[in-house]
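This report refers to the structure that appears directly beneath it.
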Amino acid sequence: MRKPGDLIRDRYEIIQYIGEGRNGTIYKARDREGNRDVTVKILDGPGSSDIDILKRFIKEGEVLSSLRHPAIARIYALEKEGNIPYLVTEFVDGQSMAARKEELRGDLPTLFRCFQQVLEGVQECHNRQVLHRDLKPSNLLIGKDGQLKIIDFGLAKTREKLTKPGTILGTPTYMSPEQCQGKPLTEATDIYSLGIIFWEFLTGTVPFQFEEGKGFNINQILRHVTEPLPAAQFDALPKFAGLRDTVFGMLEKEPRMRPPIPRILAVLQAEVPKILAQP
């Protein structure tokens, strides 16, 4: 593990350890040449010798380099120190939606602004033929300026397929039915994940509960495929009745039945002022 003060390529000075990402160790660092704080993800763990993990790490850098949007964390460099690759991205000074869940549930204007920003960011991904495939509250950072940033594109998919057919990857709580079954994915898989996030932050809990970090239990994750939504959970909050059809539509089992992002944004634009006007 790197320590504060350690240098990478005589340019990036480690400030502090942030945590373990899907494909590497993450640090906050100071870019001496760029005179800015950055996030450095280093592929230096056991996965560094795994060719598939290496491909995904490199793919994350390539994907991010093609995206330019306020709601997507920017990439500054994908380089190597010796044989160890590292990714340098925009540092977001803030917290994840997961960390601010209860606060956001009590601050609906900020919550709905986050919904709008993540939708716009994901739409930009889709415009560039990029599927994120791992959208969840911990991958959505809110900066101190209020701007949301989508991070962790380690499972992102472009036209170049790195995932073998039938491979199941993702976070069980937020995976789409087709993702749970290892089927081919479209933009609709990200819309399903966003639907889970919307449901969670509007009602306080996700529609299907899983133990994260326990690996894939196929019988458990197939609940996304076989179980109906717990409608009573959502309907217990009549304040959000105007969003019901849209959220339920985002969580349709059949991908082609889910609404496109422009339609979701239009519903938010029409319904959110009514919601916020309620006592």
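The values are calculated or read from the model by the stated rules, or taken from the named source; none is laboratory data. Remember, it's a predicted structure, so these values are computed and weren't measured experimentally. Here the Cβ is made from the backbone with ideal geometry for all residues, glycine too, and neighbour counts use every protein chain on show.
What is the one condition in (1) within 16 Å of L43 (Cα to Cα); (2) surrounded by 15 or more Cβ atoms within 10 Å (Cβ to Cβ); (3) without any contact (Cβ under 8 Å) to a residue 60 or more places away in the chain that G82 does not satisfy? Condition (2) is where G82 drops out.
Criterion first (charged (D, E, K, R) and not assigned by TED's automatic domain parsing to the domain that holds F201) does R100 satisfy it? No: the conditions fail for R100.
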